[in-house]
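> Before anything else, here's the structure in question.
What follows draws every value from the coordinates through simple rules; no lab data is involved. Values in this document were obtained by computation on a predicted structure and should not be read as measured data. Here the Cβ is made from the backbone with ideal geometry for all residues, glycine too, and neighbour counts use every protein chain on show.
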Amino acid sequence: MKYMLTALLVLTFAVTASAAIQTETVEYELDGVVLEGFLAYDDDVDGPRPGVLVVHEWTGLGDYVQSRCRQLAELGYVAFGADIYGKGIRPEGAEAAGNEASKYRSDRPLMRARAQAGLDQMRSYEQVDGERVAAIGYCFGGGVVLELARSGANVDGVVSFHGNLDTPNPEDAQQIVGQVLVCHGAADPYVSKEQVQAFWDEMNDAGVDWRMIAYGNAVHSFTNPARGEDASQGAAYNPKADRRSWEDMQDFFTEILK
């Protein structure tokens, strides 16, 4: 009976803790285009707290990024999943996703504007302490948050997870005001050594406070369980790299979002 009571108490606590996380699908606009973001926060936390913008992969804002927003809310942040593509645009398959992502990779001002719109939307919530803000992104989204930083956006820091590092305007790194963390798969076949070196040079030349952590044996998309664990495919989940990079992000936030 004692063990049953203990188990019941644990279950009750878990349900209560989970129930405190509030989520909401949010419509917002930029230049007449309707965007659909995702808000998550812990309703049991009093007062404003740091906000974290989360930018999706090339398939658009879906279940994966929403789960990351919930995880951040459980850590005490307000998380907002930005929509770069627009409401209802959620491409399926590599070809469709690549075509959609290319629209923004070939138009960096538009990419930056959509990211800034998400940042502005997040800052509009009363739960967010607008003086303590960061942005993170996955794959395509990793490249987006780096461009957001290069635009001179007022953020304390950005984190790219297995994201693109290239930019057509490396001199814009001089506009970065916060810190930069890149969580990179050391065996990522889609980010060349030349691109890595160019990024290093870009950050150093601009005097940015930056760091890159490379995870051995990790390829592209190493944080996403949906990619399977066959690294020979070039994009695959790596549990160790996923756990370590999430911990590295938390340490980074401890420093920049005091």
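> Run the numbers on the chain and let me know its relative contact order in percent, using alpha-carbon pairs under 8 Å that are six or more apart. Please list the in-between numbers first.
On the way: 521 pairs, mean separation 35.1, N = 258.
Reported as a whole number, the value is 14 percent.
> Same structure, new question: Let's test this: bin the Cα-Cα distances of the range 29-130 at 10 Å from zero up to the farthest pair and state each bin's percent.
Values per bin, smallest distances first: 16, 45, 29, 9, 1.
> Right, here's the next one. With a cap of 16 neighbouring Cβ atoms within 10 Å, and only residues DSSP puts in a loop, list the GluC sites (Glu not before Pro) found in the range 21-129. Intermediate results must be reported in sequence, preceding the final value.
Working: sites: Glu24, Glu27, Glu29, Glu36, Glu57, Glu74, Glu92, Glu95, Glu100, Glu126; in loops: Glu57, Glu92, Glu126.
Sites meeting the loop and neighbour criteria: Glu92, Glu126.
> Could you work out, for the range 22-256, what percent of all Cα-Cα pairs fall into each 10 Å distance bin, beginning at 0 Å and stopping at the bin that holds the largest distance?
Percent of Cα pairs in each bin: 8, 36, 39, 16, 1.
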